[in-house]
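Take a look at this one; I'll ask things after.
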Amino acid sequence: MNPLSHIQALMSADARRWEILQHVRDLRLPDCWVAAGFIRCAVWDHLHGHAPSPLPTDIDVIWFDPDNPLPERDFELEARLLNADNTLNWSVKNQARMHLRNGDRPYESATGAMAYWPDTATAVAVRLSASGEVEVAAPFGLDDLFDLVVRPAGRFRDEKRQLFLKRLYSKQWLTKWPGLTVLD
């Protein structure tokens, strides 16, 4: 099974993740995805033969609308998601403004913003199409995710390297998934 089909199958087989994808699709936001640990953890658990671990502490919802970059809009969207499911910690961020926080050039899309994330395996996002198909976005591809490789991306290879390492160890990935290989 190729990596794209593998992710689609994992999401389709996980009732909880499927429900989350439906809630996010119901927002009808432009260029909107569920990203990061939501996918990464599911794939790594599967590849390690683990039962699915609990959902990440926050569900990262990214979207892109340069005409509506105010954080208040994200708070409103988080409230809508909380109304749909108050058991989750929703984190909604319009990527049209996140370059300011991160000191990057302006992003051109939600998936383009992922190219500035700390590592290649985390820069993966999914969403449900209107017809119910799982779509996948991965600016660095899916090889590192499925090869169990943690590799810093962009500025996290050099000027932000310490942030990458701090994140890697604080999340205890090597303890949870001992088959990982860290490359830098």
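Take the residues in segment 92-114 that are of a type in the set (A, V, I, L, M, F, W, C) and buried (at least 16 other Cβ atoms within 10 Å of the Cβ); name whichever of them is farthest from the chain's Cα centre (by Cα).
The selected residue is 96.
Could you tell me which of the residues 43, 92, 34 is under 30 Å from residue 179 (Cβ atoms) and assigned to a strand (DSSP E or B)?
That would be 34, the only listed residue that is under 30 Å from residue 179 (Cβ atoms) and assigned to a strand (DSSP E or B).
Can you tell me how many residues in segment 25-76 are among the small types (Gly, Ala, Ser) and over 12 Å from the mean Cα position of the chain (by Cα)?
Qualifying residue count for the region: 3.
Filter segment 11-29 down to the residues that are touching a Lys or Arg at 6+ places or on another chain (Cβ under 8 Å) and more than 13 Å from residue 61 (Cα to Cα) and list them by number.
Scanning segment 11-29 gives a single hit, 11.
Search segment 1-24 for residues being within 22 Å of residue 82 (Cα to Cα) and among the hydrophobic types (A, V, I, L, M, F, W, C), and hand back the single one that is farthest from the chain's Cα centre (by Cα).
Restricting to residues being within 22 Å of residue 82 (Cα to Cα) and among the hydrophobic types (A, V, I, L, M, F, W, C), the top hit is 15.
Residue check: is residue 58 in contact (Cβ under 8 Å) with a residue 24 or more places away in the chain, closer than 30 Å to residue 181 by Cα and of a type in the set (D, E, K, R)?
yes
Moving on to the next point. Restricting attention to segment 130-152, does a residue exist that is crowded, with 18+ Cβ neighbours inside 10 Å, under 30 Å from residue 48 (Cα atoms) and among the small types (Gly, Ala, Ser)?
yes
On to the next question. I need a count of the residues in segment 1-31 that are closer than 24 Å to residue 178 by Cα and not in a helix (DSSP H, G or I).
Number of matching residues: 3.
Can you tell me which residues in segment 49-87 are crowded, with 18+ Cβ neighbours inside 10 Å, of a type in the set (A, V, I, L, M) and under 20 Å from residue 110 (Cβ atoms)?
Once the filter is applied, which keeps residues that are crowded, with 18+ Cβ neighbours inside 10 Å, of a type in the set (A, V, I, L, M) and under 20 Å from residue 110 (Cβ atoms), segment 49-87 yields 59, 61, 62, 77, 81.
With respect to the numbered conditions (1) farther than 26 Å from residue 23 by Cβ; (2) at pLDDT below 95; (3) touching a strand residue (DSSP E or B) at 6+ places or on another chain (Cβ under 6 Å), which one is the sole condition not fulfilled by residue 103?
(3)
Which condition breaks for residue 170 when tested against (1) without any contact (Cβ under 8 Å) to a residue 24 or more places away in the chain; (2) buried (at least 17 other Cβ atoms within 10 Å of the Cβ); (3) small (Gly, Ala, Ser)?
Status for residue 170: all satisfied but (2).
Among all residue pairs at least 6 apart or on different chains, which show Cβ distances below 9 Å where the first residue, located in segment 152-163, is free of Cβ contacts under 8 Å to residues at least 24 places away in the same chain and the second is of a type outside the set (D, E, K, R)?
If the second residue must be of a type outside the set (D, E, K, R), the pairs left are 158/152; 161/152.
To keep it simple, each residue is scored yes or no on (1) of a type in the set (Asp, Glu); (2) touching a helix residue (DSSP H, G or I) at 6+ places or on another chain (Cβ under 8 Å); (3) surrounded by 21 or more Cβ atoms within 10 Å (Cβ to Cβ).
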position	(1), (2), (3)
1	no, yes, no
4	no, no, no
9	no, no, no
14	yes, yes, no
26	yes, yes, no
29	no, yes, yes
42	no, yes, yes
47	no, yes, no
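The values are calculated or read from the model by the stated rules, or taken from the named source; none is laboratory data. All values reported here derive from a predicted model rather than from experimental measurement. Virtual Cβ from ideal backbone geometry, glycine too; neighbours counted across all protein chains shown.
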